[in-house]
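Beneath this line is the structure, given in structure tokens, with notes to follow.
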Amino acid sequence: MRVRPCQAALAAAIALNLLLLLCTWWRRHGGVTPPTSPSSPPCRPHRGVPGVTVLLRDFEDFDNDLAGTARSFASLPVPVLVTSETPPYPPVPLPPGVRFLPLRPVAENPPPSPERHIRTRHVALVPDGTRAVPGLLEKMRNTLENAADTAENDDAAGTRVVAAPVGTAPLRCLDLRVDPREWTARYGAGTPGVCRAVEGPAVLLLRTRDFLALPFPLARPVDAAIFIQAALRRWRLRVVPAAFPAARRAPPSPHNRWKRENLAENRRRRLMRDLGIKREVAADGGERWYGCAKDTPQCFGTVHARTPEYLLAGRWTPPCCLRALRETARHVVGVLETAGVRYWLEGGSLLGAARSGDIIPWDYDVDLGIYREDVGKCRWLAAAATAPVEDAEGFFWEKAAEGEFYRVHYSRTNRLHVDLWPFYSRGGVMTKETWLGHPQDVEFPEKFLLPLVPMNFAGFTALAPNDPRAFLEFKFGNGVIENPEYPNPALKRWGRD
């Protein structure tokens with residue numbers, strides 16, 4: 001029988017449509033080969049093989065249910081990986097087939113490579129003390145794939161994480177917004193279907209390609225690490241109602257509880273440092289701060305060309321640094337007022353007060369002008385004129401090495417500071433001995449200080465020139481309050497970060 005060209009074209013079209021239908025079925029079922037066509041070739045190459053790899057990451061060496069958790073999930077037809085920096089000690093007898101993946105490099109071994117050990121298309125991060133439920137991992141996988149196929153959300157990258165509760169308590173759905181520029185993660189009340197995080201123990205399931213694409217896929221604590229990295233990518237999270245049982249475990253001893261809490265706190269601080277988070281705001285309004293204590297160095301190095309390194313990276317001043325600057329400014333103003341030293345908000349600090357009543361979000365110090373003849377009224381300034389001195393509250397006063405002015409640091413260790421610029425009147429014009437070449441570093445009429453007026457600044461009331469707008473425009477130029485600009489526009493301009 002001779003096949004005509006039109007018949008051949010029709011047969012080819014039918015075959016192509018069948019292939020497209022097969023591809024659609026393949027994607028919706030997680031890449032599992034259809035039972036009606038066991039020998040059909042894949043529609044397109046997939047990374048990994050169908051299935052879910054279980055990762056056991058969150059456990060403590062000294063108090064865990066690792067053997068029981070591994071044994072429970074090893075009873076399912078899924079690969080199970082135990083992973084930590086070093087093998088658990090005391091040693092844990094892992095069931096046959098369960099592998100251990102070390103994360104800490106060892107000189108005589110190849111470098112750790114999680115991607116070489118996870119070969120399935122999906123991965124589940126399982127908390128210690130969880131018990132397996134047949135079919136639940138597959139349900140989570142199908143939920144993820146179906147959500148990805150039907151997602152219609154303009155402001156998100158779609159569902160990339162599925163969570164299932166562990167234990168009897170339901171998970172609390174949370175919103176999570178991470179602002180890298182402000183170094184801040186904010187949690188809020190979420191609504192079903194638009195979660196960005198959950199509260200409570202949970203199994204988390206992701207596609208392996210998404211999981212391994214994260215900069216810190218195996219960081220601890222696992223849930224916080226996944227949620228923050230997912231929020232930065234605008235991923236959504238879907239919760240399935242079915243739960244994994246939690247193992248019954250004896251309450252930990254007081255010592256083990258203390259060790260667990262201490263390790264958890266240290267891990268969270270390390271994670272926030274790696275992710276660039278200095279402040280967490282909980283859904284109830286509570287705050288956690290990371291950095292800028294009296295006994296820690298400031299979060300950034302020496303500032304060059306009036307442009308701190310974080311500004312070049314597209315970030316503003318870390319909020320913990322702003323908090324320390326506010327605290328230092330309030331302390332210094334209180335000391336000056338008690339001593340009778342005449343002072344006023346200067347430069348960028350006055351500009352911040354005029355704009356928002358606070359420090360400019362990208363500023364890295366506070367500037368105050370003082371009358372030079374009043375320096376001797378303050379015991380700390382008088383002492384700092386000859387040698388650095390630490391006051392009773394841990395603030396560190398010294399004369400600046402750059403010239404005739406003073407600095408008050410947050411502490412001897414943390415060098416966030418308030419600069420005090422001694423001016424004196426010469427023929428009705430305020431001048432000083434040291435000029436550092438800043439645009440606003442100019443002489444000005446003393447009439448701006450006669451009298452000084454109160455002004456809101458950084459959470460308290462400070463004194464300021466009597467016509468702040470005229471004073472600022474005299475120093476910076478017209479419209480400076482309404483037109484923000486970074487300190488050195490030649491290096492970094494406003495609106496281009």
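The values are calculated or read from the model by the stated rules, or taken from the named source; none is laboratory data. What you see is a predicted model, and the numbers here were worked out from it, not measured in a lab. Positions of Cβ are backbone-derived with ideal geometry, glycine not excepted, and every protein chain shown enters the neighbour counts. Ligands, DNA and RNA are excluded from the accessible area calculation, which covers all protein heavy atoms including side chains. Shrake-Rupley method; radii C 1.70, N 1.55, O 1.52, S 1.80 Å.
Brief remarks on what is shown
- For residue 289: the one exception among (1) touching a residue at least 40 places away in the same chain (Cβ under 8 Å); (2) closer than 29 Å to residue 395 by Cβ; (3) open to solvent by less than 60 Å² (accessible area, probe 1.4 Å): (1)
- Qualifying residue in the range 354-376 (condition: under 22 Å from residue 445 (Cβ atoms), open to solvent by 30 Å² or more (accessible area, probe 1.4 Å), out of contact with any helix residue (DSSP H, G or I) (no Cβ under 8 Å at 6 or more places or on another chain) and not basic (Lys, Arg)): yes
- For the range 407-433, a residue qualifies if it is more than 29 Å from the chain's Cα centre (by Cα), part of a loop (DSSP other than H, G, I, E, B) and either surrounded by 15 or more Cβ atoms within 10 Å (Cβ to Cβ) or not assigned by the TED database to the domain that holds residue 350 (or both), and exactly one does: 432.
- Selection count, the range 226-246, where residues are open to solvent by less than 10 Å² (accessible area, probe 1.4 Å), in contact with a helix residue (DSSP H, G or I) (Cβ under 6 Å, 6 or more places away or on another chain) and closer than 18 Å to residue 130 by Cβ: 1
- Selection from the range 453-473 of residues that are more than 34 Å from the chain's Cα centre (by Cα) and either modelled with pLDDT under 95 or surrounded by fewer than 17 Cβ atoms within 10 Å (Cβ to Cβ) (or both): 453, 454, 466, 467, 469, 470, 473
A quick yes/no check of all residues on (1) open to solvent by 40 Å² or more (accessible area, probe 1.4 Å); (2) out of contact with any Phe, Trp or Tyr (no Cβ under 9 Å at 6 or more places or on another chain); (3) in the same structural domain as residue 163 (by the TED database):
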site: 84; (1), (2), (3): no, no, yes
site: 99; (1), (2), (3): yes, yes, yes
site: 121; (1), (2), (3): no, yes, yes
site: 141; (1), (2), (3): no, yes, yes
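- Verdict on residue 459 being over 19 Å from residue 363 (Cα atoms), small (Gly, Ala, Ser) and touching a helix residue (DSSP H, G or I) at 6+ places or on another chain (Cβ under 8 Å): no
- Residues that are open to solvent by less than 70 Å² (accessible area, probe 1.4 Å) and in contact (Cβ under 8 Å) with a residue 12 or more places away in the chain, drawn from the range 474-488: 475, 480, 481, 484, 486, 487, 488
- The set of residues in the range 307-341 being touching a residue at least 12 places away in the same chain (Cβ under 8 Å), open to solvent by 10 Å² or more (accessible area, probe 1.4 Å), in a helix (DSSP H, G or I) and among the small types (Gly, Ala, Ser) consists of 339 alone.
- The residues on offer are 132, 107, and the sole one that is of a type in the set (Gly, Ala, Ser) and either touching a strand residue (DSSP E or B) at 6+ places or on another chain (Cβ under 8 Å) or outside any loop (DSSP other than H, G, I, E, B) (or both) is 132.
- When the residues of the range 50-72 are filtered to those that are within 17 Å of residue 140 (Cβ to Cβ) and aliphatic (A, V, I, L, M), the one that is farthest from the chain's Cα centre (by Cα) is 52.
- Residue list for the range 184-202, filter: open to solvent by 30 Å² or more (accessible area, probe 1.4 Å), closer than 19 Å to residue 221 by Cβ and either in contact with a Pro (Cβ under 8 Å, 6 or more places away or on another chain) or modelled with pLDDT under 95 (or both): 200, 201
- A Cβ distance below 9 Å, combined with a sequence gap of six or more or placement on separate chains, defines the contacts here; from the range 423-435, residues that are more than 15 Å from residue 374 (Cα to Cα) reach residues that are basic (Lys, Arg) and surrounded by 12 or more Cβ atoms within 10 Å (Cβ to Cβ) in the pairs 428/447; 433/372.
- Residue 277 falls short on exactly one of the conditions (1) part of a loop (DSSP other than H, G, I, E, B); (2) modelled with pLDDT of 95 or more; (3) open to solvent by 20 Å² or more (accessible area, probe 1.4 Å), and that condition is (3).
- So residue 135, is it within 24 Å of residue 242 (Cβ to Cβ), surrounded by fewer than 17 Cβ atoms within 10 Å (Cβ to Cβ), in the same structural domain as residue 164 (by the TED database) and of a type in the set (Gly, Ala, Ser): yes
- Evaluated against (1) open to solvent by less than 40 Å² (accessible area, probe 1.4 Å); (2) over 30 Å from the mean Cα position of the chain (by Cα); (3) under 28 Å from residue 241 (Cα atoms), residue 79 falls short on exactly one condition, (1).
- Filtering 220, 249 for residues that are at pLDDT 95 or above, of a type in the set (Lys, Arg) and either open to solvent by 70 Å² or more (accessible area, probe 1.4 Å) or closer than 25 Å to residue 103 by Cα (or both) leaves a single hit, 220.
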